[in-house]
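Taking it in order: structure first as structure tokens, then the write-up.
The values are calculated or read from the model by the stated rules, or taken from the named source; none is laboratory data. Computed from a predicted structure; not experimentally measured. Note that we place each Cβ from the backbone using ideal geometry, even for glycine, and neighbour counts take in every protein chain shown.
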Amino acid sequence: MSTMISQSIETPDSGARTGRDPERKRLLLISYHFPPVGGAGVQRPVKFVKYLRQFGWDVSVLMAANPSVPVFDNSLLVDIPEDTHLEKARTWEPDYSLKKNMASQNSSHQPTSLLAPVKSACRKVLKAGAGLLLQPDAQILWYPNALKAGKKLLKSQQHDAILATAPPYSNLILASKLKKLFQLPLVADFRDEWDLSSKYLENHQQDRISHLIQTRLQKSVMKASDAIVATTQASTERLLDRAHQFGTDAIGKCIYNGFDLDDFELLDESIPRQHASSKRKPFRIVYTGTLWNLTTVEPLIKAIESIHRDKPEILSSLELQFIGRKTPEQLALLERINQTACTLITEEYCAHQEALKKMAAADALCLLLSDVEGANRVAPAKLFEYLAINREILSITPAGETAEILNDFWPTGNFRADNTTGIVNWLQARLTGQAAPSISNPQKINQYNREFQAGQLSELLNQLVLNHA
């Protein structure tokens, strides 16, 4: 299934292969998740599509026609240029609601008979078996139809390079196969490191056989890649080292996640953070994104509980707003806030533009990153929109690249997870009316502009095409 936003699909008869502007090139971008799918992972590929055109690159997108995903966000469709070629292939995955119901039934199942332990064991065996088959991830069920659609597209329309963004890592498996068939330069874009995802993602197979399969697949992808792109300098170096261990001479490039200035034009910048009145307004801290084992809220909870023991009265002026999906473990942690005088507001995923409005209405924005192995190489995507929206940032992160970036802009609110005293002091200062400092080095923020980053990608693509000629 293929479509164009403008419904003006090029075909071989219309000169797709021979009549194009010789000054322009075309990229095949493989992204299972693409609007109207929502979520933070969609922002990167859609912004590449939006801005690459002004650097001489048109884009075809190979995407899932019926993605099995938890959230959709139609507001993101506005970023897709009208003449973008969208090639859609169906996946054989079950609908997400069915997967969610099955997971819920498994987690809530209580033994009610003598056969219950047997049934539970059977479910575990079936789940483990499915996990071994669905490698590197469940989206491998998209692979057969996506490969067929990709081959048809590349035969009918001339392309100059392929870029696949991951996770899911099935995107990379598909891209490496198409690269071998059509001998086009391939860029593997790692929004998250493969090994870190395998280690920390929920419900991911951790057995030895799965590890061996994943390593073999990763090796195959990296050997097929001409360039490896990652979202931090440290991740780029780590992945490039991994690739060279596998025997590839791929080049590496860091292209950070970022912000799009166009997204901020519709915000009501007149929203005041404090109103002059006899009654002082709450100090509002907003967190957007998933709360899970790599972004635990526990250090912040501990600081709030410490204030609750010593100065409980000041917590009545604190409002905490958490927007996004939360794992059961993180929900249990948030429940502890309700034992204090804080106001806790929790919401599920909301449209990107709505999330930006909530950020703009905050007094401070919260950034969380767990102090676990490998997290020093991670920079959450939301960090850069936090910087662009110019609200003070309370960050609880390990030493590493995220902390280094934040030290350039909001150094006084940057804490390690074990620095409960520092977090307490910061909270107490804000809750007792101490004014926030201004952002440092605001001129440095532009390096995280999505338009600038598309220019970085175009330079890499041009280099690969030139080397491939």
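Just checking, does segment 328-340 include any residue being at pLDDT 95 or above, surrounded by 21 or more Cβ atoms within 10 Å (Cβ to Cβ) and outside any helix (DSSP H, G or I)?
Checked against the condition, which is being at pLDDT 95 or above, surrounded by 21 or more Cβ atoms within 10 Å (Cβ to Cβ) and outside any helix (DSSP H, G or I), segment 328-340 yields no hits at all.
Only one residue in ALA388, ALA417, ALA375 is hydrophobic (A, V, I, L, M, F, W, C), within 24 Å of the chain's Cα centre (by Cα) and more than 25 Å from LYS47 (Cβ to Cβ). Which one?
Going through ALA388, ALA417, ALA375 in turn, just one is hydrophobic (A, V, I, L, M, F, W, C), within 24 Å of the chain's Cα centre (by Cα) and more than 25 Å from LYS47 (Cβ to Cβ): ALA417.
Please work out which one of (1) surrounded by 24 or more Cβ atoms within 10 Å (Cβ to Cβ); (2) β-branched (Val, Ile, Thr); (3) not in a helix (DSSP H, G or I) is the condition VAL49 fails and give its number.
In the conditions (1) surrounded by 24 or more Cβ atoms within 10 Å (Cβ to Cβ); (2) β-branched (Val, Ile, Thr); (3) not in a helix (DSSP H, G or I), VAL49 misses (3) alone.
Considering every residue within segment 81-89, establish whether at least one is modelled with pLDDT under 90 and either more than 20 Å from ILE30 (Cα to Cα) or of a type in the set (Ser, Thr, Tyr) (or both). Spell out the reasoning first.
Keep residues of segment 81-89 that are modelled with pLDDT under 90, which gives none.
For segment 81-89, residues modelled with pLDDT under 90 and either more than 20 Å from ILE30 (Cα to Cα) or of a type in the set (Ser, Thr, Tyr) (or both): absent.
Mind counting the residues in segment 394-433 that are of a type in the set (D, E, K, R), in a helix (DSSP H, G or I) and farther than 22 Å from LEU318 by Cα?
Going through segment 394-433, the residues of a type in the set (D, E, K, R) turn out to be 401, 404, 408, 416, 418, 430.
Of the ones still in play, those that are also in a helix (DSSP H, G or I) are 401, 404, 430.
Cutting the leftovers down to farther than 22 Å from LEU318 by Cα gives us 401, 404.
Final tally of qualifying residues: 2.
Is it true that LEU212 is in contact (Cβ under 8 Å) with a residue 24 or more places away in the chain and closer than 20 Å to PHE246 by Cβ? Walk me through it before giving the result.
Working: in contact (Cβ under 8 Å) with a residue 24 or more places away in the chain: no; closer than 20 Å to PHE246 by Cβ: yes.
So LEU212 does not fit the description; no.
Would you please list the contacts, defined by Cβ atoms under 7 Å and residues six or more apart or on different chains, that run from a residue in segment 63-90 that is over 26 Å from PHE264 (Cβ atoms) and without any contact (Cβ under 8 Å) to a residue 40 or more places away in the chain to a residue that is surrounded by 20 or more Cβ atoms within 10 Å (Cβ to Cβ) and among the polar types (S, T, N, Q)?
MET63/SER31; ASN66/THR91; PRO67/THR91
Kindly list the number of the only condition in (1) in a helix (DSSP H, G or I); (2) closer than 24 Å to PHE72 by Cβ that fails for ILE345.
For ILE345, the failing item is (1).
So which pairs qualify, if the first residue must be in segment 295-321 and assigned by TED's automatic domain parsing to the domain that holds PRO398 and over 24 Å from GLU347 (Cα atoms), the second must be of a type in the set (Ser, Thr, Tyr) and part of a helix (DSSP H, G or I), the Cβ gap must be under 8 Å, and the two must be at least 6 apart or on different chains?
From segment 295-321, the pairs are SER306/THR420.
Go over the candidates GLU347, GLU373 one by one and state the one that is surrounded by fewer than 20 Cβ atoms within 10 Å (Cβ to Cβ) and either closer than 21 Å to VAL37 by Cβ or not assigned by TED's automatic domain parsing to the domain that holds LEU291 (or both).
Numbers: GLU373 fails: either closer than 21 Å to VAL37 by Cβ or not assigned by TED's automatic domain parsing to the domain that holds LEU291 (or both).
On inspection, the qualifying residue turns out to be GLU347.
Using the structure shown, decide if GLN158 is modelled with pLDDT of 95 or more, surrounded by fewer than 22 Cβ atoms within 10 Å (Cβ to Cβ) and either on the phi > 0 side of the Ramachandran plot or not assigned by TED's automatic domain parsing to the domain that holds GLU93 (or both). Steps first, please.
Working: modelled with pLDDT of 95 or more: yes; surrounded by fewer than 22 Cβ atoms within 10 Å (Cβ to Cβ): yes; either on the phi > 0 side of the Ramachandran plot or not assigned by TED's automatic domain parsing to the domain that holds GLU93 (or both): no.
Judged against the criteria, GLN158 is not a match.
So how many residues does segment 23-46 have that are out of contact with any His (no Cβ under 6 Å at 6 or more places or on another chain), at pLDDT 95 or above and in a helix (DSSP H, G or I)?
Here the count works out to 4.
Conditions first: (1) part of a loop (DSSP other than H, G, I, E, B); (2) at pLDDT 95 or above; (3) more than 19 Å from PRO168 (Cβ to Cβ); (4) of a type outside the set (A, V, I, L, M, F, W, C). GLN54 passes all but one, so which condition is the exception?
So GLN54 meets the others, but not (1).
Each row is one residue, and each column tells you yes or no for (1) outside the structural domain of GLN43 (by TED's automatic domain parsing); (2) surrounded by fewer than 19 Cβ atoms within 10 Å (Cβ to Cβ); (3) free of Cβ contacts under 8 Å to residues at least 24 places away in the same chain; (4) over 27 Å from ARG44 (Cβ atoms).
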residue	(1), (2), (3), (4)
ALA399	yes, yes, yes, no
THR402	yes, no, no, no
ILE405	yes, no, no, no
ASN425	yes, yes, yes, yes
THR432	yes, yes, no, yes
PRO437	yes, yes, no, yes
GLN443	yes, yes, yes, no
ALA454	no, no, no, no
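For every residue, the table says whether it meets (1) at pLDDT below 95; (2) surrounded by 14 or more Cβ atoms within 10 Å (Cβ to Cβ).
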position	(1), (2)
LEU240	no, yes
GLY247	yes, no
LYS253	no, yes
PHE259	no, yes
ALA276	yes, no
LYS281	yes, yes
LEU291	no, yes
GLU298	no, yes
LYS302	no, yes
